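Throughout, read-outs are computed from the coordinates displayed, never taken from laboratory work. Owing to the predicted nature of the structure, the values given are computational and were not obtained by experimental measurement. Here the Cβ positions follow ideal geometry from the backbone for every residue, glycine too, while neighbour counts run over all protein chains shown.
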Amino acid sequence: MTETIFPMYPPVDTLNLALNSREPLMTGDVITYRERESTLLAPWAMFSHQSQGRKTEEQDQSYRSPFQRDRDRVLHSSAYRRLSDKTQVFTGISDYHRTRLTHTIEVASIARTIGRSLQLNEDLVEALAHLHDIGHPPFGHAGEDVLAECMEDVGRFSHNHFCLILVEHLETRSSDYAGLNLTHEVLESQHTRIDKSQADRLLPLLETQVVEAADSITYDAHDTDDAVKLGLVSIEQLMELPIVRRCVSRIEAPLDQLTPRVFRKMIARELIDVQVSSVLSYIAPLLQAKNPKSAEAARRCGIVVGTSPELKAEKSELERFLYHEVYRHPDIMIFRSKVQEQLRTLYEGYTKRPELLPEKLQAKIDDWGIQRAAGYYLATMTDSYCNREYEQHFGGTSGG
Ligand code: MG
């Protein structure tokens, strides 16, 4: 396998010099985030000290940047913990699959790898990655689609929008403010995910774009892996796809000596590596050439983070395959219609019996109306809690 060398900013020698020039840390002499970022980040990164701050002002911490604090607030939130019992794609047909939480952790890991290599603000990347799916309702896209239908008259439902409802209204961490009081940059990043048209005027921060790219790299790889493991598609079918053949050609071990299990895992591993390498080898030279002098300049220089155009076509082919053969697989579709029926019943039940909503959401009915309060309550639920509510209050046999 050939190793790709990516251009660095500043040059590696300068970077090593800067890191080594500092005296060893003594007790009480803790490196500040400003020092750390001034040494490690490129000019196009979003520096923490340039943040536009929080709605409610808070005391700065020299050792932990505002974006590290945002990451920690997300990690400690109830909504984040609930991801461990929320569907990614596969539920109801096996207990072996990625959950919304393991998906999120994989996204954060891949996003940090890309962010670090492009010398972006890793702390911001990590905060955004951990945040990116916390607005998902139970039962994955099946849940999101049916909630959008139910809430048609009150602005529909999207997990990206609900993420903001969670972090600005429903989560609690202080008596001083509602929500998590996240930084402007993290909230704005979430707004750009809702309003894609904004991209026509000003692209999202590079850190935001890296998380979007990592999300897509991650689900393409793990959905392929899970789908083969669960027997929904075969490796022979995958071998029809150019991107999979490209991955297999990178495996140095003799293929006839690999067990199917190891072969599947090696394909999944290569699917990540081939995509991450493509992003880096495509984007790093563009950044070098355009050399934006600030995060704001980077948003205006036209660089869109993603795989190279050549790989993009192969990746799209894989995504079309996953859509038709996996996401629309008969086993998944049976489960989908069952849980959607369950969610419809719950939604209608809650709108008629608001007393079933927890106090926190009952208190919002005056502002939001019962439809949004009921829909948002459903969206907070884990798959298991949703099943229990269905069985307890509506006497049904749950779909999940
Ligand atoms: Mg995701």
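Which loop chymotrypsin sites (Phe, Trp or Tyr not before Pro) in segment 104-208, with loop taken from DSSP, have no more than 14 other Cβ atoms within 10 angstrom of their Cβ?
TYR177
Taking 7 Å along the Cα-to-C-beta vector as the label spot, tell me the GLN50-SER38 distance in nanometres, rounded to one decimal.
If labels sit at GLN50 and SER38, their model points lie 1.5 nm apart.
Net charge within 12 Å of ALA221 by Cβ-Cβ distance, Lys/Arg positive one each and Asp/Glu negative one each, not counting ALA221 itself?
With Lys, Arg at +1 and Asp, Glu at -1, the net is -4.
What's the FRET efficiency of LEU258 with SER109 using the Cβ-Cβ distance as r and R₀ = 25 Å, to the nearest 0.05?
Approximately 0.50, to the nearest 0.05.
Counting other beta carbons within 10 Å of each Cβ, put GLU106, GLU188 in order, fewest first.
Ranking GLU106, GLU188 by Cβ neighbours within 10 Å, fewest first, gives GLU188, GLU106.
Could you pull out the GluC sites (Glu not before Pro) across segment 232-287 that fall in loop regions by DSSP (anything but H, G, I, E, B) with no more than 14 other Cβ atoms inside 10 Å?
Hits after loop and neighbour filter: GLU240, GLU252.
What residue among ASP72, ASP176, ASP145 has the largest mean-square fluctuation in a Gaussian network model of the chain, using Cα springs under 10 Å?
ASP176
Where is the GNM fluctuation largest for the chain (alpha-carbon springs, 10 angstrom cutoff): PRO204, PRO66, PRO260?
Of PRO204, PRO66, PRO260, the most mobile in the Gaussian network model is PRO260.
Relative to the compact globular guide of 2.2 N^0.38 Å, what is the alpha carbon radius of gyration of the chain, as a ratio?
With N residues counted in the chain, Rg over 2.2 N^0.38 Å equals 1.06.
Rank the residues ILE165, ILE365 as a footprinting-exposure proxy: fewest other Cβ atoms within 10 Å of their Cβ go first.
With the sparsest Cβ surroundings first, the list reads ILE365, ILE165.
Given the options ASP220, ASP153, ASP29, state which has the largest fluctuation in a GNM of the chain using a 10 Å cut-off (strictly under) for Cα springs.
Greatest mean-square fluctuation among the candidates belongs to ASP29.
Please arrange ILE31, ILE283, ILE105, ILE272 by counting, for each residue, the other beta carbons lying within 10 Å of its beta carbon, fewest first.
Exposure proxy ranking, most exposed first: ILE31, ILE105, ILE272, ILE283.
Could you work out how far apart the two model spin labels at MET239 and SER84 are, taking each label as a point 7 Å from the Cα in the direction of the beta carbon, and quote it in nm?
The two pseudo-label positions are separated by 4.0 nm.
What per residue convex hull volume, in Å³, comes out for segment 95-143 when only alpha-carbon positions are used?
Taking the convex hull of the Cα positions in segment 95-143, it is 71 Å³ per residue.
Gain in length, GLU348 to SER294, computed as 0.36 nm per residue apart minus the alpha-carbon separation, to one decimal in nm?
14.4 nm
What is segment 62-137 by shape, rounded, prolate or oblate, if you read a ≥ b ≥ c off the alpha carbon gyration tensor as root eigenvalues and call it rounded for a/c under 1.5, prolate for a/b larger than b/c, and oblate otherwise?
Oblate, since a/c reaches 1.5 and b/c is not below a/b.
Between ALA148 and VAL248, what length in nm is gained on full extension when 0.36 nm per residue of separation is reduced by their alpha carbon distance?
Full extension of this stretch gives 32.0 nm more.
For segment 178-244, just run the numbers: alpha carbon Rg, then divide by 2.2 N^0.38 Å, N being how many residues it has.
1.61
Grab the other residues whose beta carbon is less than 14 angstrom from that of GLY143, score K and R as +1, D and E as -1, and report the net.
Counting the neighbours of GLY143, the net charge comes to -1.
Taking the Cα atoms of segment 74-186, what is the range of coordinates along each of the three principal axes, in descending order and whole Å?
42, 40, 22
What are the membrane-span-like helices in the chain by this rule: whole DSSP H runs, Cα extent along the axis at least 27 Å, mean Kyte-Doolittle hydropathy at least 0.0?
Within the chain the helices that satisfy the rule are 260-290.
If only Cα atoms are counted, what is the Rg of segment 252-303, and what is its Dmax, in Å?
Values for segment 252-303 (Cα only, Rg and Dmax): 18.0, 52 Å.
Any chance you could run the full-extension gain for GLU317 through VAL30? It's 0.36 nm times the residue separation minus the Cα-Cα distance, nm to one decimal.
Extra length from GLU317 to VAL30 when fully extended: 98.4 nm.
Can you classify segment 259-400 as rounded, prolate or oblate using the Cα gyration tensor, where a ≥ b ≥ c are the square roots of its eigenvalues, rounded means a/c under 1.5, and otherwise it's prolate if a/b beats b/c and oblate if not?
Note, shape of segment 259-400 comes out oblate.
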